[in-house]
Every structure is written in C-alpha cells, then in structure tokens.
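Q: Below: one structure in structure tokens.
The values are calculated or read from the model by the stated rules, or taken from the named source; none is laboratory data. Because the structure is predicted, anything quoted here is derived from the model rather than measured. Here the Cβ positions follow ideal geometry from the backbone for every residue, glycine too, while neighbour counts run over all protein chains shown. Protein only, heavy atoms only, side chains kept; ligands, DNA and RNA dropped before computing areas. Shrake-Rupley method; radii C 1.70, N 1.55, O 1.52, S 1.80 Å.
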Amino acid sequence: MRIQMTVNGVDRTADDVWEGESLLYVLRERMGLPGSKNACEQGECGSCTVYLDEVPVCSCLVAAGQGRGRDVRTVEGLADGPDLHPVQQAFVEAGAVQCGFCTPGLLVQTHALLATSQRPSDAEIREALAGNLCRCTGYEKILDAVRLAADRMAVPEAGP
Amino acid sequence: MSTPTRTPTGAPRELAGPTTGGVGANAQRPDAALKVTGEFAYGSDLWTDDMLWGVTLRSPRPYARIRSIEIGEALAVPGVHAVLTAEDVPGRNVCGLELSDQPVLAEGVVRYQGEPVALVAADHPEIARQAAKKIRVDYDVWEPVTDPMAALGHPTWNQVHDQPAEVSGLSRESAPIHPDGNLVRHLKIRKGEPAPTADVVVTGEYTVGMQDQAFLGPESGLAMPAEDGGVDLYVSTQWLHVDQKQVCAALGLPLEKVRLTLAGVGGAFGGREDLSMHVHACLLALRTGRPVKMVYDREESFFGHVHRHPAMMRYEHGATREGKLVHVRCEIYFDGGAYASSTPAVVGNGGTMGIGPYVVPNVHVDAYGVYTNNPPCGAMRGFGSVQAAFGYEAQMDKLAAALGMDPVELRCRNAMELGSESPTGQIVDSPAPVAELLRRLEAMPLPPEHGAGTAPDLRDLPGGVGNTTHGEGVVRGVGYAVGYKNVGFSEGYDDYSTARVRLEVIGGAPAVTVHTAAAEVGQGLVTIEQQICRTELGVDEVVVHPKDTGVGSGGSTSASRQTYMTGGAVKAACEQVREQLFGLAQQRLGRTVADLRLEGGKVVSDRQGVLGALADILGDEVIEETVEWRHRPTEPIDPEAGQGFAHVQYAFAAHRAVVDVDVELGLVKVVELACTQDVGKAINPEAVIGQIQGGTGQGLGLAVMEEILVKGGEIRNPSFTDYLIPTILDMPPMRIEVLEYPDPHAPYGLRGVGEPPTISSGPAVVAAIRQATGRALTRVPVRPEYITGT
Ligand code: FES
Ligand code: FES
C-alpha cells in the first residue's frame, strides 16, 4: 500500500508498504530516518518514541497505516536548523549519552515533558521517563540533563 | 633558519596557553552530537541500495540430534535468494572465544535452545522470516543436561544443610555433551594450612541466577561482498580482531580478505564478545553476491548472545574471636551452558577473587566451569567477581553477626591493602584502599526517614503508585558491600593494544589522527583517546579514525581494560611522535634544546619559553607512529595450589545501600545507593561517574529484578515484558566519592573503572534487605516470596 504523511514538516510518501509494517519500520527503512531506534518492538523500552500529531507514542506499536495523513516528528526533527535543540544540548553537556541507543526516544519524551511542564520535580521527571529504558547510565545523568534543559528553557534568552 | 628573537625565562606556560580537553578534563564525547540528532549509525542503521535481509533459524530444542534438514520449500519462496546450512560453511564450521567448540551452524546435533541451524537471505525481512519457517528440521530429541553438578557427576547440594545429597546418576562418562567431557575448567587454590581451626565458623550456600546484558541495541551488522572475493563486514562488536580470526576460519579466507569495521554499538557489557551474526551475514553475502544485513529483534537477542553465568556457591568462613579471618573454604559451580565462550576466564576470576578483597592466611577454593544444555554463558561486566561477591559478602555479614561485631568493622579488620598477599600468593603492589572505601561510605549522611506525621509520597515507597502501602509494613535496612576485580587479561595472557597516531598540519593548524581497533561501545573510549593525544601532543584538534582491522588489534573492550591498554598504547604512540617532532624542531632550530614539551600547539622549552608553532616546525612533514603496547606480564597460576602473579591490577569499589522493604508484600524500594571507588586517576571524571552510575544500576538489577528463567534448558522470558531491567523509577539517587591513588605500574596511574561498581552494588542491596527482614536470602535475584516467606 501507499502511505503519505508529514514527517518533520515535510510531505513524505512510502510505496509498497506491507500490512504488518510498523510506523517505526517505515520511518527507518523506507524513509531514511533511522534515528528512532528499535530495541524491543513491544512497547517496553521507549527507544522508538516519536510524536504522532503532537503526542509521543511508541512507533513500534503504531501500524504504518495509522500514520496515514498524520503529522510525525522524530528525533531528526527536534533541532531547528543547524543548532541543537536545548534538550539535545543538555543531554550532550550533562553526559547523559553513553551508547546513545536510548537517547532519541528519551529526547522526544523529554521534549514532550518540558512542553507541558516548565520546571518538573524529580518525581515528575521520573514518572514521565518511566517508559524509557537506558542500560548504560543508571539514569542519574539523564535526570541532570532534563533539569538542565528545563532551567535553560524556562529562562528567556537575554536580548542582544 | 632564523633563530628565535627572544629567549624569555619566565612563565612559558602562559605564553603557550594551555591545551584544553586533555587528561583529567571533562571533555565531551566526539560522537555525542551525532547521537542526539539521530545521525550516528549503529549496526542496525546501515543500509545499501541492493541489500538483502538475513535471518537465522534456531533450534527450538535444548538438546537433539538433527536427523535431516529440508530447505527446498523455503528456497522456493519468491524473494528468497539463499538458504544455507552447515554444509555451506566453506571453512571450519567452528568458532569460540577461548576454546573452538561451537559450530557456526549446527552440524548433526544441537546443544542449546536457540542454536543457529540455518540461514535465509531475502528481499524483505518478513519474507526471510516466513521462509525460515518453511525449513523442515527433523529432531531426535534428547533429555537435556541442566544441572551443572549432575553434569560432572558431583553430589548435588540440598541448599539448606551441609551433608551431601544423593550422587546423580549422570556422570562425566555417561553424559558428555562435548567429546572431552562436561568439565570446562576446575581451578584450585590451596593456601596455608589444610585443616585450620577457628573460634567461630559460619557456613552458607548461595545461588545467583542468570543475568542478561540487555544492551539496548540488538546484534546487527552488514556484510558486503568485495571484488577480491573477500568480504567487508560492518558490525557492532567488542573485539574486531578476535572476530576477524573466527570469521576467516569459518569462511576459509585469509585475513586480508576479511576486513571488519566497527558499526555503532548500542551497549555491550560482555554480550558482544562472542560472534553473533558475523559469519552468518558473510556466508549469505558471499553466496548471493549482495550486501546482507542482519538485525536481531529483542527475542532473538536473548538467544543470540551469551549471558552471565548462574552460580552455586558454598562457603565456610572461620575467624578468631577478635574478628580476624583464619580461613575461607569455598566451592563455586559456574554453569557455562552448551559452549565454553569465556567460561575458563570466569572460573579464573571467580576462583582467584572468590573470597573477596580480604587477607586470609588459609584458603581452599574449588571453582568449576561446566557444560550443560542450558543457554551458553560467557562475559558480562564483572564476570566471576559479581557472582562470588554475593556469596562472600553475605558470609562477612553472617560472620559479623556471629561475632557480635559491626559488619563494616569486621571488613576493615580483614581488608586487603598495599603489600597484602592475595589468595594466589600475589603481593598487592599498588594502593588497595579497601578499608578507606568502607569508612568513607560509613561517614556519609544517611538519607532522611519518611517524614513522621506527614503522609509519605507514594512514589517514594515500595510498590510506588501501585498504592500497595502508605508506609505500614515498611521497614528500612542498610547494607554494605565491597568487591574487587582484575583489570585486563590475566594468567599469562599476552595482552596488548595497538595505536597509530599521526600528526600533520591541516588548514594551517596542527591536527592529530588516532587510529585504534579498540571498540567504542558507549563507555567513551573515543573521548579518552582524544584526551591523551591532546595532553601528550599539545594539540586541540584530534580526529578519531573509524575503528577497523586496518590497524593492529586493540584487544577486547572488556575486563575494564581499554583506558589502561589502548590508553597506554595511544600514550606510547604519542610519545614516539613527540620524540620525532622534537628532533625535527631541533633540526630546524639548528641546535639542541633540553626540556622540550608541547603545549597549546607550540613547542616550548621550560627555560627558553616558546620556540615555535608546531605548524611551522612541522610544515609539510607528516609524523606517524604505530605502537603495540603491553602491560607487564602476568603468570599462569599453578594447577595444584593456584599460586602465581595472575593479575596485573586490581580495582576496588564499595557500596552502601539503603532500602525500604514492604515486609508484608515483599516489595522493595532502593532509597539510596552510595558508592566509593578508587580509580587511580580519573582521565575523564564525569565519564568515570557515568560508569559508576550505570554499573551500579546493573548490580541493583541482578539483586532484585533480573533473571533469565530457564526450565528444562528453555528460556521462559525472552522479552523486555518479562525480563525486567531497572527503569528510572527503580534507580535511586547515588552519592559517589571517587578516590585517586595512582597505580605506579599503569599509564597516568589509572585503574580500570567499568566493572567494580557492578560487583558491590547488588550485595549491598541484598544486605540491606536482610537487615530489614531478618531473612537469610541466599538466592538472587531476591523475589517477593523470599521476603514474605510464602
Ligand atoms: S522499540 Fe518501541 S518501545 Fe521498544
Ligand atoms: S546510553 Fe546506552 S542505553 Fe542509554
């Protein structure tokens, strides 16, 4: 089947999509967007998290057909231009990235958290990221990164 | 050549300007930006236009003879390009890390559930999977050997009392899984008196379940057939050169025709030390003449790599009334599963470090590694030491209780230190601050109790928002543990790493390229390589060449060894480049200058200040040096008494765990984990902290959550739905103190960092649960029913 959707602000079409293919598969293998990761394909790890119409979802659990006509935003679409998004920058600076396989999903989830909550408490951060597994970091530096990003995003940039 | 116009005598440091991001700095990883934008290419992300997808058909049975394999129907599926079995392996159909005992594709017999039997390459992964189902394998099913003691014909313990139970009917002769019998290795240590007497004696039996590395990025890679009849393999792995050797042997190709490049690695933790899809993808690529990609899904990953050895351990500790250890006896059985993998080394570590970092005059150890038809076990972070620590630290607490002594005090009275003699008779010849690690933990403030009178936040209690308790039935416990691990390869192994360092001028500025084959798996070796080059060559711009077999072996990314070994090799290569550069500088200056050094892109003399810019001195010259670097040699231990200089370096960490336990429901909440670790020298302090935090998490997982459940040789929970690893809700805040007592034998005095935190965190958590519940808890992971006694 043919599937059309908006991905990171661009109209995209995929042809010859099979019934059983997930949104994750189509993004990774048919649209050349391998940033979203596949670590379980069961909705357990959050590595595949993308925005589907502004809501973060596990794209491994979304059938490709369900994406038809909708708006998808992946880790590749977080930054606006060449500069990293503050959430990405905070993950880099806080040392929240080791192997980085969990990172794309965590970035999208954190982005979504900070869109609704300006200064989340640690308990709120933990709750929001409870569906994203990371095997390398023990999560402490991920918490640091989220706090750092929240701080920076909450304070308006000083003018020139 | 003009001579310098001035010869300043003071403050050359400021004149030169410091090099930033060198050794000791918190330099940022060079791959971080790519990883946060999604551009970093992991093995599973590789893609070429005309590639095929490969899948593996695996045995559903743990032990069976293969009567026949029919591939006709699978081959006939449209879109299928090849179906291969053992017959299609052109070279030797055998591989293995330490012993070559594992077929690339099963030949005549399968020895574990999940053993690869056949391969399919097709246009689409789903076509390949469907075709694999059409391969007909006729199995003559045998009874699997699943008990490691029975596999050796040893009496099985009854896990409660000390008298031996019945001797199993199976014996080494009657049920050999491999031609040479079921014993992979038996390590003996006999030190001191054979029958010492002690005032107080405690005994115990302990069991550790099978843990999975659970790296997030499953096994993956892409094999490209090459015009010279060889193959280029891009793969996520831990040791390119040991892979290359095995792939060559199986393909029947010379080394130069099999070239490996490291693809992005999504975590490893030991689980990528053995081959997974390496040979399989190459076989399919060479047969079809097309690039072949293979990516395991999570379920296949549970069958596609080795796990942490389950262990059964029996200890006897004797001490004087004053709390001085007199003797330790221990027996450990490591279940290696169907193939050896790194079982011999696991037995080596578990045996030589099986009594913990304590000084004991009389030691009697028997450690066994055994073949069974369970899933193969091999390397995982801290191997051998992780299992033993659950046993010996439980014993230290038990002994402290029997003596009426504080557990930390007992440990400190017996702690290993500089100059101590290890159970293998090795003198500890670098700092071993075991007592200090414990005392520092003890001195840290404890986290506050739940506020009296106010309702606690449910999220802070066992069971969390599951709303299982509001604080009633919740008891807090505190536990301590310390552990240690050898760094690098031991027992006489010729352990080395290779580094190539190149210095040249690019765009008017000096630039360094560092090329090693040492695998970056997420730990940050690429950053360390850059930092060392910056410090040694005074150049900011350092490019890390892709990791491949175009340079000599870097050895394995395991045994906490890469910063030491590849770091050492990079440092040595830099030193040679620097010597050459100084020669060139003096040639250009037309005179000899003492005390030269490189800093901030300049050649500097302590007495004469800046002598010139590196870029000017170098001009068009390119200096490149390749160095093979070794740590000082170790010795094999003797087979009867287990004595010898076996380990090049020890690394130590200790933990204190504070745990809230719902004693009615058996649920636990780890409130805080504090860690102290000596790292000799922190090359990148924040990366060290990251290793401690991550390693601590894996230890916590093994203590209370993680176990591959195996019944009759079959894995019952091969998914992240049923195999649970710690989430951000399970991990507590951590208090960490890093000590830096330099090891005079190591580059920069550094000590390996990655494994120690995984060793002591779990035993500390279990000790805290014991304190809260008063239960013996002799098996990990601790399950709710062990706590409630139901
Ligand atoms: S891959 Fe989608 S949740 Fe794990
Ligand atoms: S950084 Fe490796 S899984 Fe999170």
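Q: Going by the alpha-carbon gyration tensor, a ≥ b ≥ c the square roots of its eigenvalues, is segment B:628-689 rounded (a/c under 1.5) or, if a/c is not under 1.5, prolate (a/b greater than b/c) versus oblate? Walk me through the numbers on the way to the answer.
A: Numbers: a/c = 4.55, a/b = 1.73, b/c = 2.63.
It comes out oblate by the Cα gyration axes.
Q: Where nothing but the Cβ of Lys and Arg (+1) and of Asp and Glu (-1) is charged, how large is the charge dipole of segment A:3-77 around its Cα centre, in debye to the nearest 20? Working shown, then result.
A: Numbers: 7 positive and 12 negative charges, 30 e Å.
Roughly 140 debye for segment A:3-77.
Q: After finding the eigenvalues of the alpha carbon gyration tensor for segment A:3-77, what semi-axes result from the square roots of 5 times each, listed largest first in whole Å? Mind showing how you got there, number by number?
A: Numbers: eigenvalues 54, 38, 24 Å².
Each semi-axis is √(5λ); the values are 16, 14, 11 Å.
Q: Amide H neighbours of residue A:8 under 5 Å, at least 5 residues apart or on other chains, H built in the peptide plane: list them.
A: Excluding prolines and chain starts, which carry no amide H, the hits are A:72, A:73, A:74.
Q: Please compute how much accessible surface disappears when A pairs with B, both sides summed, using a 1.4 Å probe, and round it to the nearest 100 Å². If you can, show how the numbers build up before the last one.
A: Numbers: alone 8640 and 29330 Å², together 33770 Å².
For chain A against chain B, roughly 4200 Å² becomes buried.
Q: Another question about this same structure. Rounded, prolate or oblate: which fits segment B:476-601 when a ≥ b ≥ c are the square roots of the eigenvalues of the alpha-carbon gyration tensor, with rounded for a/c under 1.5 and prolate only if a/b beats b/c?
A: Values: a/c = 2.20, a/b = 2.04, b/c = 1.08.
Cα axes put segment B:476-601 in the prolate bin.
Q: Do the sum for chain B: with -39,500 (n - 2.57) for every DSSP H run of n ≥ 4, divided by all residues, what is the mean residue ellipticity at 222 nm, to the nearest 500 deg cm²/dmol?
A: Values: 18 runs with 194 residues, N = 790.
Calculated from helices alone, the mean residue ellipticity at 222 nm is -7500 deg cm²/dmol.
Q: Another one. Got a sec? Which residues of segment A:87-125 lose 40 Å² or more of accessible surface with every protein chain in place, vs. that chain alone, 1.4 Å probe?
A: A:92, A:97, A:98, A:99, A:101
Q: Considering only Cα-Cα distances, which of the following residue pairs are longer than 26 Å: A:141/B:293; B:133/B:245; B:35/B:681; A:141/B:571; B:133/B:293? Mind showing how you got there, number by number?
A: Details: A:141/B:293 33 Å; B:133/B:245 32 Å; B:35/B:681 28 Å; A:141/B:571 29 Å; B:133/B:293 19 Å.
Listed pairs above 26 Å: A:141/B:293; B:133/B:245; B:35/B:681; A:141/B:571.
Q: Name the trypsin sites (Lys or Arg not before Pro) in segment B:641-723 that are in a loop by DSSP and that have at most 12 other C-beta atoms within 10 Å, would you?
A: Working: sites: B:656, B:669, B:681, B:711, B:716; in loops: B:681, B:716.
Answer by residue number: B:716.
Q: Would you please give the residues with an amide H less than 5 Å from that of residue B:95, counting only those at least 5 places away or on a separate chain, with H modeled from the backbone geometry?
A: Amide H to amide H, under 5 Å and 5 or more residues apart or across chains, residue B:95 pairs with B:101, B:102, B:104.
Q: Report ³J(HN,Hα) in whole Hz for each residue of segment B:336-348, in order, from the Karplus equation J = 6.51 cos²θ - 1.76 cosθ + 1.60 where θ = phi - 60°; Gly and Pro get x.
A: x, x, 6, 9, 5, 6, 9, 3, x, 6, 5, 5, x
Q: From the Cα trace of segment B:252-329, what convex hull volume per residue do you get, rounded to a whole Å³? Spell out each step's value before the answer.
A: Working: hull volume 17.1 nm³, N = 78.
Here the figure is 219 Å³ per residue.
Q: Find, among the trypsin sites (Lys or Arg not before Pro) in segment A:95-160, those assigned to loop by DSSP (not H, G, I, E, B) with at most 10 other beta-carbon atoms within 10 angstrom.
A: Values: sites: A:126, A:135, A:141, A:147, A:152; in loops: A:135.
Qualifying residues, ordered by number: none.
Q: Taking the Cα atoms of segment A:86-153, report the difference between the largest and smallest coordinate on each principal axis, in whole Å and largest first.
A: Taking the Cα atoms of segment A:86-153, the three principal extents are 28, 22, 17 Å.
Q: Averaged over every viewing direction, what's the projected area of the C-alpha convex hull for the protein assembly as shown? Give it in nm², one decimal, please. Intermediate values should be presented prior to the final figure.
A: Working: hull surface 168.1 nm².
Projected over every direction and averaged, the Cα hull of the protein assembly as shown covers 42.0 nm².
Q: Long-range amide H contacts for residue B:118: which residues qualify at under 5 Å (H placed 1.01 Å from N, peptide plane, sequence gap of 5 or more or a different chain)?
A: Long-range HN contacts for residue B:118: B:57.
Q: At a 1.4 Å probe radius, carbon and sulfur cover how many percent of the accessible area of segment A:86-153?
A: Working: 940 of 1950 Å².
The nonpolar share, carbon plus sulfur, comes to 48 percent.
Q: In whole Å, what is the distance between the alpha-carbon centres of segment B:515-588 and segment B:47-125?
A: 39
Q: In addition: Tell me the trypsin sites (Lys or Arg not before Pro) within segment B:301-334 that lie in a loop according to DSSP and have at most 11 other beta-carbon atoms within 10 Å.
A: Working: sites: B:308, B:314, B:321, B:324, B:329; in loops: B:321, B:324.
Passing both the DSSP loop test and the Cβ count: B:321.
Q: Before I look further, what does the protein assembly as shown give for accessible area per residue, probe 1.4 Å, in whole square angstrom?
A: On the way: 33770 Å² over 950 residues.
With all protein chains present, the protein assembly as shown gives 36 Å² per residue.
Q: Under a cut-off of 26 Å between alpha-carbon atoms, report the lysines in cross-link reach of residue B:398, not counting same-chain residues fewer than 8 places apart.
A: Straight-line reach from residue B:398, under 26 Å: B:188, B:191, B:324, B:485, B:669.
Q: Then there is this: Taking the square root of 5 times each eigenvalue of the Cα gyration tensor, what semi-axes in Å does the equivalent ellipsoid of segment B:710-776 have, largest first? Don't jump to the answer; show the numbers that get you there.
A: Working: eigenvalues 213, 79, 41 Å².
The answer is 33, 20, 14 Å, longest axis first.
Q: Further question: What number results when the radius of gyration of segment B:644-790, computed over Cα atoms, is divided by 2.2 N^0.38 Å? Provide the component values of the computation, followed by the final result.
A: On the way: Rg = 17.3 Å, N = 147, 2.2 N^0.38 = 14.7 Å.
Dividing the Cα radius of gyration by 2.2 N^0.38 Å gives 1.18.
Q: Nearest 20 debye, what's the magnitude of the dipole of chain B about its Cα centre given +1 on Lys and Arg Cβ and -1 on Asp and Glu Cβ? Before the final figure, lay out each step's value.
A: Details: 66 positive and 97 negative charges, 119 e Å.
Here chain B has a charge dipole of around 580 debye.
Q: Moving to a separate point now. Work out from phi, with θ = phi - 60° and the Karplus expression 6.51 cos²θ - 1.76 cosθ + 1.60, the ³J(HN,Hα) of each residue of segment A:48-53, listed in order in whole Hz, and give x for Gly and Pro.
A: Result, rounded to whole Hz: 9, 4, 9, 7, 10, 6.
Q: I'd like the Karplus ³J(HN,Hα) series for segment B:37-54: coefficients 6.51, -1.76, 1.60, θ = phi - 60°, whole numbers in Hz, and an x wherever there's a Gly or Pro.
A: 9, x, 8, 5, 8, 6, x, 6, 9, 5, 7, 10, 3, 9, 6, 9, 10, x
Q: If you bin the C-alpha pair distances of segment B:389-541 every 5 Å from 0, what whole percents do you get?
A: Computed distribution, short to long bins: 1, 6, 10, 10, 9, 10, 12, 11, 9, 9, 7, 4, 2, 1, 0.
Q: Give me the three principal axis extents of segment A:8-152 from the C-alpha atoms, as integers in angstrom, largest value leading.
A: 44, 30, 25
Q: Give me the three principal axis extents of chain B from the C-alpha atoms, as integers in angstrom, largest value leading.
A: 89, 74, 60
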